[in-house]
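A.B. asks: The structure follows.
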Amino acid sequence: MNVIKLIENYYEPGSKAHHFLLHHSTLVADKALRIAARVADLKPDLDFIKDAAMLHDIGIFMTRTPEIGCFGSQPYIAHGYLGRELLEKEGLPRHALVCERHVGVGLSMQDIVNNGFPLPMRDMLPLTIEEKIICFADKFYSKHEDSLVEEKPVQEIRQMIAHFGGDHLRRFDEWMILFKEGELLQEKI
């Protein structure tokens, strides 16, 4: 699969949105592959991880996020399920689920209801090892110009996730251990 060609079907090469998407997705894919190598015993699909990580944010162009060059009509939180719909139409149902399930550390239907999120009423939690790896790797990078290349410190990620509740933070901390970044957890707390 040529993920760059697929991305360029939706993003003008050289545009601000194209820049942010490609740069962020490349960092996430690289980190996801490093994580996958540490958990090789779980047999993650490396080719799938590389491609799905590059496509996980493909729905951002449909959101109202002008600071990253996106001028759509939807709120940013919708980019996951919008990406799912787009990739399903492209015949990539497995990649599509990564899009939908990577927001935050995944969202349950109860999260959606409790927060009044403008999302479909269904669980959007990462289930497969590949989905979890990509979701986890994504938390380490933002799409802000001033922090586009630097990996976020674990404590900063934990503070952000804690705002969404203890179950979200527990999930992230479990992934820290599962993905062998647990020693970092102890250093940052």
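A.B. asks: Between Val149, Val28, Val105, where does the largest GNM mean-square fluctuation fall for the chain, given springs only between Cα atoms within less than 10 Å?
C.D. replies: Checking each option, the largest mean-square fluctuation is seen for Val149.
A.B. asks: Which residues' amide hydrogens lie under 5 Å from the amide hydrogen of Leu107, considering only partners 5 or more residues apart or on another chain, with H built in the peptide plane?
C.D. replies: Result for Leu107 returns Met124, Leu125.
A.B. asks: Also, I was wondering about something else. Springs between alpha-carbon pairs under 10 angstrom, Gaussian network model over the chain: which of Ile35, Ile112, Ile134 fluctuates most?
C.D. replies: Of the options given, Ile112 has the highest mean-square fluctuation.
A.B. asks: Now, a different point. Taking the Cα centre of the chain as origin and charging only Cβ (+1 Lys, Arg; -1 Asp, Glu), how large is the dipole, in debye to the nearest 20?
C.D. replies: On the way: 22 positive and 29 negative charges, 35 e Å.
The dipole of the chain has a size of about 160 debye.
A.B. asks: On to the next question. Which one, Ser108, Ile68, Ala17, projects farthest toward the positive side of the charge dipole computed for region 1-145 from Cβ point charges (K/R +1, D/E -1)?
C.D. replies: Of the candidates, Ser108 comes out farthest on the positive side.
A.B. asks: In addition: Relative contact order (percent) for region 1-120, with alpha-carbon contacts under 8 angstrom and 6 or more residues of separation?
C.D. replies: On the way: 148 pairs, mean separation 23.7, N = 120.
Relative CO of region 1-120 lands at 20 percent.
A.B. asks: From largest to smallest, what semi-axes in whole angstrom does the chain give when each is the square root of 5 times an eigenvalue of its alpha carbon gyration tensor? Don't skip to the answer; put the middle values down first.
C.D. replies: Values: eigenvalues 112, 73, 58 Å².
Semi-axes (√(5λ), whole Å): 24, 19, 17.
A.B. asks: So, in nm, how far is label Asn115 from label Glu90 when the simple model puts each one 7 Å beyond its Cα toward the Cβ?
C.D. replies: Output for this residue pair reads 2.5 nm.
A.B. asks: Only counting other Cβ atoms within 10 Å, I'd like Met109, Met176, Met124 sorted with the fewest neighbours first.
C.D. replies: Numbers: Met109 14, Met176 20, Met124 23.
Fewest-to-most Cβ neighbours within 10 Å comes out as Met109, Met176, Met124.
A.B. asks: Explain nothing, just compute: Karplus ³J(HN,Hα) = 6.51 cos²θ - 1.76 cosθ + 1.60, θ = phi - 60°, for every residue of region 156-164 in order, whole Hz, x for Gly and Pro.
C.D. replies: These are the phi-based 3J(HN,Hα) values: 5, 5, 4, 4, 5, 5, 4, 4, 9 Hz.
A.B. asks: If you don't mind, another one. Which lysines does Lys5 reach when only Cα atoms under 25 Å apart count, and residues fewer than 8 places away in its own chain are ignored?
C.D. replies: Lys16, Lys31, Lys50, Lys89, Lys143
A.B. asks: Could you go through region 71-86 in sequence order and give the Karplus-derived ³J(HN,Hα) for each residue, using 6.51 cos²θ - 1.76 cosθ + 1.60 with θ = phi - 60°, rounded to whole Hz, and x for Gly and Pro?
C.D. replies: Per-residue couplings from phi come out as 10, x, 9, 9, x, 4, 4, 7, 4, x, 6, 5, x, 4, 4, 4 Hz.
A.B. asks: Starting from the 7 Å offset along Cα-to-Cβ, what nm value, one decimal, do you get for the label separation of Lys16 and Thr128?
C.D. replies: With each label point 7 Å from Cα toward Cβ, the separation is 3.5 nm.
We did not get these values from a lab; they are worked out from the coordinates using the rules stated. None of the values given here were measured: they were computed from a predicted structure. Virtual Cβ from ideal backbone geometry, glycine too; neighbours counted across all protein chains shown.
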